[in-house]
1. May I ask you to say which residue of B:M120, B:M128 is touching a helix residue (DSSP H, G or I) at 6+ places or on another chain (Cβ under 9 Å), farther than 23 Å from B:L189 by Cβ, surrounded by 17 or more Cβ atoms within 10 Å (Cβ to Cβ) and more than 14 Å from chain A (Cβ to nearest Cβ)?
2. If A:P66 satisfies every condition in (1) more than 14 Å from chain B (Cβ to nearest Cβ); (2) assigned to a helix (DSSP H, G or I); (3) open to solvent by 50 Å² or more (accessible area, probe 1.4 Å) but one, which is the exception?
3. Determine whether segment A:1-19 contains at least one residue that is in a helix (DSSP H, G or I), exposed (fewer than 12 other Cβ atoms within 10 Å of the Cβ) and more than 11 Å from chain B (Cβ to nearest Cβ).
4. All but one of (1) within 11 Å of the chain's Cα centre (by Cα); (2) at the interface with another protein chain (Cβ under 10 Å from one of its Cβ atoms) hold for A:S93; state the number of the condition that does not hold.
5. Looking at B:Q142 and the list (1) of a type in the set (S, T, N, Q); (2) in a helix (DSSP H, G or I); (3) without any contact (Cβ under 8 Å) to a residue 24 or more places away in the chain, which single condition is not satisfied?
6. Counting only residues that are touching a Ser or Thr at 6+ places or on another chain (Cβ under 7 Å), give me the helices (runs of 4 or more DSSP H) lying completely in segment A:142-253 with at least 2 of them.
7. I want to confirm something. Restricting to segment B:86-115 and keeping residues that are among the basic types (K, R) and without any contact (Cβ under 8 Å) to a residue 40 or more places away in the chain, which single residue is nearest to the other protein chains (Cβ to nearest Cβ)?
Amino acid sequence: MRNVFTIAGKELRGFFASPMGWIIMGLFALLFGYFFLAHLDYFVGQSMQAQQGGGPINVNQFMIRPLLQNVALINLFLLPMITMRAYAEEKRSGTIELLLTSPVTDVQIILGKFLGVLGFYAALLAVTMLYIGILFVFGNPEWKPVLTGYFGLLLMGGCFLSVGLFISSTTKNQVVAGAATFVVFLLLWIISWLGQSAGPAVASLLDYLSIVWHFDDFGKGVIDTKHVIYYLSFITFGLFLTLKSVDTERWRG
Amino acid sequence: MIEVQHLTKRYGPVTAVDDVSFRAEKGEILGLLGPNGAGKTTTMRVLTGYMPATEGSATVAGYDVFTNPIEAKRRVGYLPETPPLYPDMTVREYLTFVAKLKLPGSVSRSERISRVNGVMTKTNITDMANRHCAKLSKGYKQRVGLAQALIHDPEVLILDEPTAGLDPKQIIEVRDLIRALAGNHTVVLSTHILPEVSQTCRRVVIINRGRVVAVDTPDNLTQQLKGSATLYVQVDAAGADAAAALSTIIGVRQVSEHDRREQSVGFEVASDTERDIRRDVARMIVDKGWGLLELRPLRLSLEDIFLQLTTDENQLAGGSKEFAFPFDGAQGDAAEAASESEATPNA
């Protein structure tokens, strides 16, 4: 476990030691900020209307939930940037030789890398909490659904990241890794659109496969084990593929 | 300490290493010598557990690298061809990271720090401790790579072209360091620079096209393949036609002109091995009244042996035509440094 944290720490440090990490963080904050503003504007408009007729509307339901759902969209664009270098860069620069000839197992390396990128993603989410904090200063939202929402985001991001790691482990070229990851994320994202034009059975299947669909309940403040298990098994599968990819590479030389 | 048995590695249809076997005893320096693409790096990668062998086995410090990789890797320090440095890290951060990775969990923080400081002193990089790896010169990168390989005080050191890209002074430093490490560590180093092997290694494994073509000490190899002795003789302009006279000396087989300059002419004089013709040559030149500028034996260098072993059979009969001039630059910087001591004229 110590080795896992050593590698995770190295990965995490790598983001903050290079401009790339700060650029990703800046972009994330910027995009989230835009969505925050757009939703806030909409929410203010809605609540004006609501005041004229009926009671106040819920800030969790009308503002925070759709806002957090939009993070999935930001993830689509920015998470490939986080994972693309994870393996590809080590393979290009030859530092992978250091890792593979150190007394650590492949599983430890992969878990370390995964925790490293997940840690950085968590840091990105932490920045967005500042925006949510503003809502707490000026309003009175419930904090529990916010927390489950973030928990869901972390799991959803984990799925994307595990896929990204796998793709990065198949190439030496970060740009190829980044582009391929983006395409795969996009497919995982639009898979549920297909369901809308299909029959009910197929639709529910495609919904089930869609990473984003499983986030819904988290946004509502519900932690359903069904979704947690889906995300965890998705992550495990992604990391398993990475392990196999690293192993194959090793045999092929 | 290291035992490689019938090691074969195929990349798809390409056989990179073909049935290679060799041993290295504790404390010795073993040189893997071969032209580029001979399979040196592949052999080392198998030894370090970086990749598995297709067939055969490799044992390091008593542990099979395939069945017991973690234990084997704990005892191996490896410097790949390009030092595996993270550009964003400072030298100290990098070495601390490697120390955490390679030292067992029981090693305390203070012990780790002293290890890092220790290897930095040993490889003479302390003044670069806070420099980012990306900003280091080639020589420093190489030394940081070496420091990285030494950090867990491994029983076995595997160095893939440790002196590549260094300047002559650094090469000598690195060689001295490697020699100093032998004894406590078993060292396997690969190179295609020949003087390096004769200077640092106790035993040489010559590999060509994935196969072992010779295993012996550098001296024995030289002895074994020595068919004739050759002298290099340089006289001043007065002796421009010395070739004919030189060939009359008893024992001389062949005289050929090697270089002709305005002030001097150089000859290559081949003779029977059992006869030392140096005195006769010198006496004759002085008797004739020519100015003797240089007279030195051209030993059949490892380079020639190497060429003989790695070129086709029909070329084997041909003698050496390659001279290792101190500053010829044919081998780049490495040869310059190396031949300073090797090619001293002993006239």
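1. On the way: B:M120 fails: farther than 23 Å from B:L189 by Cβ.
Being touching a helix residue (DSSP H, G or I) at 6+ places or on another chain (Cβ under 9 Å), farther than 23 Å from B:L189 by Cβ, surrounded by 17 or more Cβ atoms within 10 Å (Cβ to Cβ) and more than 14 Å from chain A (Cβ to nearest Cβ) holds for just one of B:M120, B:M128, which is B:M128.
2. (3)
3. No, the conditions are met nowhere in segment A:1-19.
4. In the conditions (1) within 11 Å of the chain's Cα centre (by Cα); (2) at the interface with another protein chain (Cβ under 10 Å from one of its Cβ atoms), A:S93 misses (1) alone.
5. Among (1) of a type in the set (S, T, N, Q); (2) in a helix (DSSP H, G or I); (3) without any contact (Cβ under 8 Å) to a residue 24 or more places away in the chain, B:Q142 violates only (3).
6. Numbers: elements: A:143-168, A:174-196, A:200-209, A:216-220, A:225-252.
Once the helices (runs of 4 or more DSSP H) in segment A:142-253 are filtered for at least 2 residues that are touching a Ser or Thr at 6+ places or on another chain (Cβ under 7 Å), what remains is A:143-168, A:174-196, A:200-209, A:225-252.
7. So the first thing to find is which residues in segment B:86-115 are among the basic types (K, R), and the list is B:92, B:100, B:102, B:109, B:112, B:115.
Now narrow it down to the ones that are without any contact (Cβ under 8 Å) to a residue 40 or more places away in the chain: B:92, B:100, B:109, B:112, B:115.
Values: B:R92: 13, B:K100: 4, B:R109: 12, B:R112: 11, B:R115: 15 Å.
In this case the residue turns out to be B:K100.
Table: residues versus (1) without any contact (Cβ under 8 Å) to a residue 40 or more places away in the chain; (2) under 25 Å from A:T148 (Cβ atoms); (3) open to solvent by 10 Å² or more (accessible area, probe 1.4 Å); (4) away from chain B (no Cβ under 14 Å).
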{"site": "A:Y34", "(1), (2), (3), (4)": "yes, yes, yes, yes"}
{"site": "A:L78", "(1), (2), (3), (4)": "no, yes, no, yes"}
{"site": "A:R85", "(1), (2), (3), (4)": "no, no, yes, no"}
{"site": "A:L99", "(1), (2), (3), (4)": "no, no, no, no"}
{"site": "A:V107", "(1), (2), (3), (4)": "no, no, yes, no"}
{"site": "A:L124", "(1), (2), (3), (4)": "no, yes, no, yes"}
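The values are calculated or read from the model by the stated rules, or taken from the named source; none is laboratory data. Only a predicted model underlies this, so the values are computations on that prediction, with no experimental measurement involved. So basically every Cβ, Gly included, is an ideal-geometry build from the backbone, and we count neighbours across all protein chains shown. Ligands, DNA and RNA are stripped out before the accessible areas are found, and what is left, the full protein with its side chains, is counted by its heavy atoms. Shrake-Rupley method; radii C 1.70, N 1.55, O 1.52, S 1.80 Å.
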